[in-house]
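Below is one structure, written out as structure tokens, with a few remarks after it.
The values are calculated or read from the model by the stated rules, or taken from the named source; none is laboratory data. Since we're looking at a predicted model, the values are computed, not measured. Here the Cβ positions follow ideal geometry from the backbone for every residue, glycine too, while neighbour counts run over all protein chains shown. The protein model used for the area step is the full one, side chains on, heavy atoms only, and it has no ligands, DNA or RNA in it. Shrake-Rupley method; radii C 1.70, N 1.55, O 1.52, S 1.80 Å.
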Amino acid sequence: METKEVLAELRKKNGFTQDEMAEKLFVTRQAISRWETGETTPGTETLKLISKEFNLSINTLLGQPQELICQSCAMPLHNIDELGTETDGGVNVEYCTYCYKDGGFTQNRTMEEMIEANLKYLDQWNVGQGTSYTIDEARDILKVHLATLKRWQPA
């Protein structure tokens, strides 16, 4: 389901008119209408508010029921603050804010450089996941995994 459909369904499920939804979210009725037609999408702060007010995960709200991961560094994307941004301030659900901001990549890295950057967080990863990968094991896993992500696909 696309974001526009999620928003329309959310409003209707809660029995709100577009005017009532607009009042609840501190926007105009026209903004609600444009979101529901897919003409625009809510900005980051409004998405945070919607997620909080209606107890929806950001993945569901953005029409992505599966877990989102950054298509550059493979970081799991759980919160709206972790999502990259476009030049117009809209969110980008494919990349994290550390890799993609204001419509472009934040660093010009090779995949090998990304692997080495990710390895700096190996201890934290092992603790969080209950794993005990060595540097060499993690490097081999990252080589395979990052190669499947959008940023590292051949043009």
**Prompt:** Within segment 109-130, can you find the residues that are open to solvent by less than 40 Å² (accessible area, probe 1.4 Å), of a type outside the set (A, V, I, L, M) and within 14 Å of residue 71 (Cα to Cα)?
**Reply:** 118
**Request:** Could you please tell me which pairs satisfy a Cβ distance under 6 Å, a separation of 6+ or placement on different chains, a first residue in segment 67-79 that is closer than 19 Å to residue 122 by Cα and among the small types (Gly, Ala, Ser), and a second residue that is part of a strand (DSSP E or B) and open to solvent by less than 40 Å² (accessible area, probe 1.4 Å)?
**Result:** 72/95
**Prompt:** Would you pick out the residues in segment 15-57 that are within 15 Å of residue 2 (Cβ to Cβ) and hydroxyl-bearing (Ser, Thr, Tyr)?
**Reply:** 37, 40, 41
**Asked** Would a scan of segment 131-145 turn up a residue that is under 18 Å from the mean Cα position of the chain (by Cα), surrounded by fewer than 16 Cβ atoms within 10 Å (Cβ to Cβ), in contact (Cβ under 8 Å) with a residue 24 or more places away in the chain and in a helix (DSSP H, G or I)?
**Response** no
**Prompt:** Based on what the data block shows, is residue 137 closer than 29 Å to residue 44 by Cβ and among the charged types (D, E, K, R)?
**Reply:** no
**Request:** Take segment 1-39 and flag every residue that is closer than 23 Å to residue 87 by Cα and modelled with pLDDT under 90.
**Result:** 2, 3
**Prompt:** Any idea which of (1) on the phi < 0 side of the Ramachandran plot; (2) open to solvent by 30 Å² or more (accessible area, probe 1.4 Å) is the one residue 103 doesn't satisfy?
**Reply:** (1)
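Looking at segment 46-79, which of its residues are in a loop (DSSP other than H, G, I, E, B), among the hydroxyl-bearing types (Ser, Thr, Tyr) and open to solvent by 30 Å² or more (accessible area, probe 1.4 Å)?
To start, the set of residues in segment 46-79 that are in a loop (DSSP other than H, G, I, E, B) comprises 54-57, 62-67, 70-75, 78-79.
If we keep only those that are among the hydroxyl-bearing types (Ser, Thr, Tyr) as well, we get 57, 72.
Selection gives 57 alone.
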**Asked** What is the residue count in segment 16-32 for residues that are open to solvent by less than 60 Å² (accessible area, probe 1.4 Å), of a type outside the set (A, V, I, L, M) and either out of contact with any Asp or Glu (no Cβ under 8 Å at 6 or more places or on another chain) or closer than 16 Å to residue 52 by Cβ (or both)?
**Response** 1
**Request:** Just need a number here: residues in segment 33-45 that are open to solvent by 40 Å² or more (accessible area, probe 1.4 Å) and touching a Lys or Arg at 6+ places or on another chain (Cβ under 7 Å).
**Result:** 3
**Message:** If residue 95 meets every condition in (1) of a type outside the set (S, T, N, Q); (2) under 30 Å from residue 152 (Cβ atoms); (3) open to solvent by less than 40 Å² (accessible area, probe 1.4 Å); (4) part of a helix (DSSP H, G or I) apart from one, which number is that one?
**Reply:** (4)
